[in-house]
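One structure is given below, encoded as structure tokens.
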Amino acid sequence: MLALIVGIITIIVLVSATLGVKSSVSNVMGQMKGIIVYEHDAADVPYSHLSSDYEEKLEDIRGVRVALPEIYGMVRTIDGKKAEGTGSFTAGMVMLVGLDPKKERMRQGDMYGIGVEEGRKFISSDKYAAIISKDIADNYKKNIGSKIELDDGKKYTVIGILEESSVLGSIIVVPLDRARELAHLKEDEVNSFTVQTKNPEDEKRIATLIKMKYPELEAITASQAVEETEDIMGIMDLFFYVMASISLIIAGIGIVNAMLMSVLERTKEFGVLKAVGWENDDLLKLIIEESILIGVVGGIIGIIISVAIVEILNNYMPFSLLITKELIGEAFLFSVIAGIVGGIYPAWRVTKIDPIQAIRGE
Amino acid sequence: MNDVVIEAKNLKKYYKMGETIVKALRGANIKIKKGSFVFIVGPSGSGKSTLMHLLGALDHPTGGSVKMDGKEISKMDDWELSMIRRNKVGFIFQTFNLVPSLTALDNVKLPLLTDKRISDEELTARAIKLLKVVGLGHRIYHTPNELSGGERQRVAIARALINNPEIILADEPTGELDSKTGAEIFELMRKMNKEEGKTFIIVTHDTEYIKHNDTVYHIKDGVIKETSKRELEKNGMKGKKEIT
């Protein structure tokens with residue numbers, strides 16, 4: 001029973017973790033609109049350095065509505081002390097994002113799909129303004145209108161607080177120029193652009209166009225990014241399912257072992273039952289029923305414990321583990337099947353018991 | 001002929017024990033009348049238990065025939081034999097063979113628990129009635145561990161009677177009991193024999209429970225001879241158990 005319960009817990013917790021990561025990633029990415037443009041040779045967006053000249057060049061492409069420059073960096077100090085973020089996705093760091101206040105009203109949708117919960121987005125006149133993530137607001141006790149001091153010793157006015165997000169972690173958004181200084185970029189340098197098209201269906205085509213026209217650039221649509229992450233998730237899925245299968249096999253062996261022990265212990269009883277006229281079918285049914293019962297009870301206990309574990313983990317994890325009805329259904333089915341399969345061999349052993357031997361044996 | 005309930009003819013049972021073949025029964029003949037109270041006695045290893053198993057449809061003979069109610073049972077398959085046991089035979093064992101985790105009531109119900117012809121209420125009522133008959137009306141919900149040896153054997157007797165069998169086979173029913181309790185158990189079995197007309201076939205070492213007008217079969221070297229208490233006493237088979 002224990003092996004089964006542990007197996008079920010392994011399955012549910014592992015799969016709910018993948019489901020959770022998957023759903024939060026695709027939630028965020030799915031809500032992103034546009035094409036991410038960055039340096040072709042850069043390993044990732046934060047390592048890309050592009051001249052802000054591209055802003056105009058990109059907007060000149062037919063079908064492009066707007067090119068939004070972006071800067072990424074790290075906030076090192078807040079209010080004169082080492083900046084401390086939460087969430088393992090940002091590994092305890094506070095991410096710095098720079099956006100152009102003059103152009104942000106042109107952005108369709110929210111950045112990373114995360115909206116401003118309190119306060120407002122940037123407007124053209126913003127200079128020392130900051131939009132901060134919820135956890136920063138909570139941990140540093142900032143409200144709309146509070147001042148927050150960053151690396152440069154300048155005080156920024158908090159104008160907006162972002163919705164709580166399981167993916168992004170700690171983040172401070174400041175106007176592009178300020179971010180450039182904080183991130184020590186050269187003048188007229190940015191990390192990347194988000195290019196939004198007039199017609200959303202054109203995204204893929206325009207991404208290709210950008211790459212052809214400017215081979216030094218990489219252009220990837222948000223939906224492609226989602227696909228890419230889903231590929232990685234697919235590998236994760238596979239890995240977790242392999243783990244889950246192994247735990248199921250262990251659970252199955254556990255049931256076989258437990259049932260076999262309990263059957264052998266009762267050899268004499270089964271012999272008596274046979275002697276008094278029980279058929280093999282009756283015994284077969286009895287054992288299979290017993291092992292299904294183990295499967296059902298083990299499954300229910302496993303599911304209850306898993307739900308509790310996931311509840312607890314969700315308080316500490318940067319992303320939510322997701323338990324779906326299907327997952328619970330599958331786990332339950334799993335454990336019942338483990339019960340049936342685990343009962344077959346012991347049941348067969350019982351039918352082979354010779355009543356005479358069993359009764360005689362002390 | 002109609003009053004013969006079991007008839008065995010030229011019954012043979014050989015066992016293989018490693019290289020050697022043990023001939024437990026080598027052509028045994030026995031005819032048991034309905035409603036009789038029959039003893040089978042004999043030294044250890046004489047084939048008593050083997051005979052019992054064959055008469056009780058627990059095992060297949062190597063040769064010869066066993067007829068129960070005129071029906072040949074020696075060639076039946078396992079399923080048919082289990083049906084015979086369920087419907088016609090009741091067993092009482094030396095070691096009681098009760099299921100320790102079940103109450104007296106459930107132990108008595110056991111043989112018919114999987115029988116769909118009888119409802120649970122009916123079965124429970126019958127089991128309670130039988131437990132009262134064997135004098136355990138006040139111990140229905142006790143488990144075997146909470147009962148004395150004699151009480152356990154009474155539960156086993158009630159269990160042997162639950163399917164209302166024609167034949168009750170008892171293999172050393174008093175082997176684990178002191179002689180006072182053993183006498184009580186025999187009294188109870190004789191009562192069942194007289195009042196209910198059940199056929200009792202009892203394998204025993206204890207000749208002290210045999211009465212002078214009882215039918216006694218003596219089994220030796222795999223063959224059966226009819227005898228009597230008097231004759232047994234003459235031959236020195238007397239008193240308590242032999243050394244096994």
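The values are calculated or read from the model by the stated rules, or taken from the named source; none is laboratory data. All values reported here derive from a predicted model rather than from experimental measurement. A quick note on method: Cβ atoms are made from the backbone with ideal geometry, for glycine too, and the neighbour counts reach across all protein chains shown.
What residue, among those in the stretch A:272-282 that are surrounded by fewer than 22 Cβ atoms within 10 Å (Cβ to Cβ) and touching a helix residue (DSSP H, G or I) at 6+ places or on another chain (Cβ under 6 Å), is nearest to the other protein chains (Cβ to nearest Cβ)?
Step one: of the stretch A:272-282, the residues surrounded by fewer than 22 Cβ atoms within 10 Å (Cβ to Cβ) are A:279-282.
Filter once more, so that each one left must be touching a helix residue (DSSP H, G or I) at 6+ places or on another chain (Cβ under 6 Å): A:279-280.
Values: A:Glu279: 5, A:Asn280: 7 Å.
Among those that are surrounded by fewer than 22 Cβ atoms within 10 Å (Cβ to Cβ) and touching a helix residue (DSSP H, G or I) at 6+ places or on another chain (Cβ under 6 Å), it is A:Glu279.
How about the stretch A:171-220: which of its residues are outside any helix (DSSP H, G or I), out of contact with any Pro (no Cβ under 7 Å at 6 or more places or on another chain) and closer than 26 Å to A:Gly85 by Cα?
Result: A:Ile171, A:Ile172, A:Val173, A:Val174, A:Ala183, A:His184, A:Leu185, A:Ser192, A:Thr194.
If we scan the stretch B:166-183, do we find a residue that is among the hydroxyl-bearing types (Ser, Thr, Tyr), assigned to a loop (DSSP other than H, G, I, E, B) and in contact with a Gly (Cβ under 8 Å, 6 or more places away or on another chain)?
Just the residues of the stretch B:166-183 that are among the hydroxyl-bearing types (Ser, Thr, Tyr), to begin with: B:174, B:179, B:181.
Next cut, assigned to a loop (DSSP other than H, G, I, E, B) only: B:174.
Subsequent filtering for residues that are in contact with a Gly (Cβ under 8 Å, 6 or more places away or on another chain) retains B:174.
Scanning the stretch B:166-183 turns up at least one residue that is among the hydroxyl-bearing types (Ser, Thr, Tyr), assigned to a loop (DSSP other than H, G, I, E, B) and in contact with a Gly (Cβ under 8 Å, 6 or more places away or on another chain).
Residue check, A:Tyr241 against (1) part of a helix (DSSP H, G or I); (2) of a type outside the set (Gly, Ala, Ser); (3) farther than 30 Å from A:Val13 by Cβ, all met but one. Which one?
Result: A:Tyr241 passes all but (3).
Filter the stretch A:252-270 down to the residues that are within 14 Å of chain B (Cβ to nearest Cβ), surrounded by fewer than 22 Cβ atoms within 10 Å (Cβ to Cβ) and touching a helix residue (DSSP H, G or I) at 6+ places or on another chain (Cβ under 7 Å) and list them by number.
A:Thr267, A:Lys268, listed by residue number.
Quick check on my filter: what residues within the stretch A:146-179 are among the charged types (D, E, K, R), within 31 Å of the chain's Cα centre (by Cα) and within 25 Å of A:His40 (Cα to Cα)? First the steps, then the outcome.
Within the stretch A:146-179, the first condition is being among the charged types (D, E, K, R), and the residues that meet it are A:147, A:149, A:151-152, A:154-155, A:163-164, A:177-178.
Now drop any that are not within 31 Å of the chain's Cα centre (by Cα), which leaves A:163-164.
Correct list: empty.
Taking strands (runs of 3 or more DSSP E) that fall entirely within the stretch B:37-95, which contain at least 1 residues that are within 13 Å of chain A (Cβ to nearest Cβ)? Break it down stepwise before answering.
Working: elements: B:37-41, B:63-68, B:89-92.
Result: B:89-92.
If you scan the stretch B:106-150, which residues turn out to be among the aliphatic types (A, V, I, L, M), touching a residue at least 40 places away in the same chain (Cβ under 8 Å) and farther than 25 Å from B:Lys194 by Cα?
B:Leu110, B:Leu147
Just the residues that are charged (D, E, K, R) and more than 30 Å from B:Phe91 (Cα to Cα), please, taken from the stretch A:305-362.
Within the stretch A:305-362, the subset charged (D, E, K, R) is A:311, A:325-326, A:330, A:349, A:352, A:354, A:360, A:362.
A:Glu311, A:Lys325, A:Glu326, A:Glu330, listed by residue number.
What is the one condition in (1) loosely packed, with under 15 Cβ neighbours inside 10 Å; (2) outside any loop (DSSP other than H, G, I, E, B) that B:Ile128 does not satisfy?
The single condition B:Ile128 does not satisfy is (1).
Does the stretch A:333-362 hold any residues that are touching a residue at least 12 places away in the same chain (Cβ under 8 Å), within 14 Å of chain B (Cβ to nearest Cβ) and not in a loop (DSSP other than H, G, I, E, B), and which are they?
The answer is A:Val350, A:Thr351, A:Pro355, A:Ile356, A:Gln357, A:Ala358, A:Ile359.
I'm told B:Thr114 meets every condition in (1) surrounded by 16 or more Cβ atoms within 10 Å (Cβ to Cβ); (2) modelled with pLDDT of 90 or more; (3) in contact with a helix residue (DSSP H, G or I) (Cβ under 8 Å, 6 or more places away or on another chain) except one. Can you identify the failing condition by its number?
Single failed check for B:Thr114: (2).
Here are some residues: A:Asp110, A:Asp60, A:Asp53, A:Asp41. Which one is modelled with pLDDT under 85 and more than 28 Å from A:Glu164 (Cβ to Cβ)?
Values: A:Asp110 fails: more than 28 Å from A:Glu164 (Cβ to Cβ); A:Asp60 fails: modelled with pLDDT under 85; A:Asp53 fails: modelled with pLDDT under 85.
Residue meeting the stated conditions: A:Asp41.
Here is a check on your reading of the model: is B:Leu169 hydrophobic (A, V, I, L, M, F, W, C) and either in contact (Cβ under 8 Å) with a residue 60 or more places away in the chain or crowded, with 20+ Cβ neighbours inside 10 Å (or both)? Walk me through it before giving the result.
Working: hydrophobic (A, V, I, L, M, F, W, C): yes; either in contact (Cβ under 8 Å) with a residue 60 or more places away in the chain or crowded, with 20+ Cβ neighbours inside 10 Å (or both): yes.
Against the criterion (hydrophobic (A, V, I, L, M, F, W, C) and either in contact (Cβ under 8 Å) with a residue 60 or more places away in the chain or crowded, with 20+ Cβ neighbours inside 10 Å (or both)), B:Leu169 qualifies.
Which one is surrounded by the fewest Cβ atoms within 10 Å (Cβ to Cβ), of the residues in the stretch A:119-145 that are closer than 14 Å to A:Ala179 by Cβ and under 27 Å from the mean Cα position of the chain (by Cα)? Write out each step before concluding.
We begin by selecting, within the stretch A:119-145, every residue closer than 14 Å to A:Ala179 by Cβ; these are A:122, A:126-132.
Those still in the list that are under 27 Å from the mean Cα position of the chain (by Cα) too: A:131-132.
On the way: A:Ile131: 26, A:Ile132: 28.
Filtering first and then ranking leaves A:Ile131.
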